[in-house]
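Have a look at the structure below, then the notes.
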Amino acid sequence: MLNVFHNLEISHYIYLSTVLFSIGLFGVLFRRNAIVLLMCIELMLNSVNLLLAAFTEYMGDANANGQMFVFFIMVVAAAEAAVGLAILVMVYRNTRKTDVSFLDQLKD
Amino acid sequence: MSDISNLPLPFLILSFITILSALYVVTSKNPVHSVLALILTFFSISAHYILLNAQFLAIVNLMVYAGAIMVLFLFVLMLLNLSKESEPIKSNLWGIAASIAAGMVLITLTAAFQKSGIAVMPAPSEGIGLVKNLGRVLMTEYLVPFELSGILFISAMVGAVLLGKREKNSEELVDLNNKNNA
């Protein structure tokens, strides 16, 4: 199956995950809906995961340290999504909005 | 960097799907459409994992991300009844500023990685990403982080339950907020 990859360089995976990361960053900066913000953070985490898996494959590391890192990033992302959504539900319950631009009460 | 037409077709198609669905996640007005597009993105990233000899990661990505986390997002969307909510119209200035910032990051990272394109994929090593090898590494070298992640999950669960518990005086809080806004 992998014979098709003889002319695939690591830089292509780097470019792909850089583009994905930038799209996620754009979403974090652009969107106001807190749920979409959390999803964009997941997107950025996934681009990093993809790059770690690509580097593991190109290094030929028998211990698969990069894949272990991906595994732990997934664990942290799952915990982060659970706590973030719980906070979001509480914010919605108190303000009836999920728009992050309304959460400016610390300003005054 | 080789010409783009020399790239293997599976990689091109998968990257295309990944980037397009990621763009749709960011630009879609309806949050439910965003969640569905993000699930498509995760599926194509899983296909990338399979092409990269990381079979276990592919399955875990499907189960944890597309299966669990995205269903959690959908549940929250339906719980809060946000699917029809339209975001306030943002000024064009905001979009331009966000595009410039993200584009700068893209350009900088791409330029920084410009010199790295020498490595070609070595002969595929068998069975690195299978459960047998990953389980052995996880239970020997990474045993302490593995146990610590269990503690992290317990604390995250307790925190989520505590935060999600309905308080008795939440109506008073809403009143207080309305008073503040008025």
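FYI, it's all coordinate maths here, none of it is from the lab. Only a predicted model underlies this, so the values are computations on that prediction, with no experimental measurement involved. Cβ coordinates were reconstructed from backbone atoms using ideal geometry, including for glycine residues, and neighbour counts include every protein chain displayed.
Each of B:Met63 and A:Lys107 was given a label point 7 Å from its Cα along the Cα-to-Cβ line. The distance between the two points is 4.6 nm.
Please quote Rg/Rh for chain A to two decimal places, taking the Kirkwood radius as Rh and restricting both calculations to Cα atoms. The Rg/Rh ratio comes out at 1.13.
Angle of helix A:34-59 to the longest C-alpha principal axis of chain A, folded into 0 to 90 degrees and rounded to 10: 10°. Within 10 Å of the Cβ of each residue in B:134-146, the mean number of Cβ atoms contributed by other protein chains is 3. Stretched out straight at 0.36 nm per residue, the stretch from B:Phe146 to B:Asn81 would grow longer than its current Cα-Cα span by 19.7 nm. The phi-based Karplus calculation (6.51 cos²θ - 1.76 cosθ + 1.60; θ = phi - 60°) puts the 3J(HN,Hα) values of region A:96-107 at 6, 9, 10, 7, 6, 6, 8, 8, 10, 6, 6, 6 Hz, whole numbers, x for Gly and Pro. Here region A:32-99 is treated with +1 on each Lys and Arg Cβ and -1 on each Asp and Glu Cβ, and its dipole about the Cα centre works out to around 520 debye.
Taking the average, over residues, of other Cβ atoms within 10 Å as the packing measure, peptides A:20-26, B:38-44 rank A:20-26, B:38-44 from highest down. Between A:Asp61 and B:Trp94, the modelled label-to-label distance comes to 4.0 nm, taking each label 7 Å out from Cα in the direction of the beta carbon. Axis of helix A:65-95 versus longest Cα principal axis of chain A: the two differ by about 10°, to the nearest ten degrees. As a calculated quantity, the FRET efficiency between B:Ser155 and A:Phe72 at R0 = 22 Å, using C-beta atoms, amounts to about 0.90.
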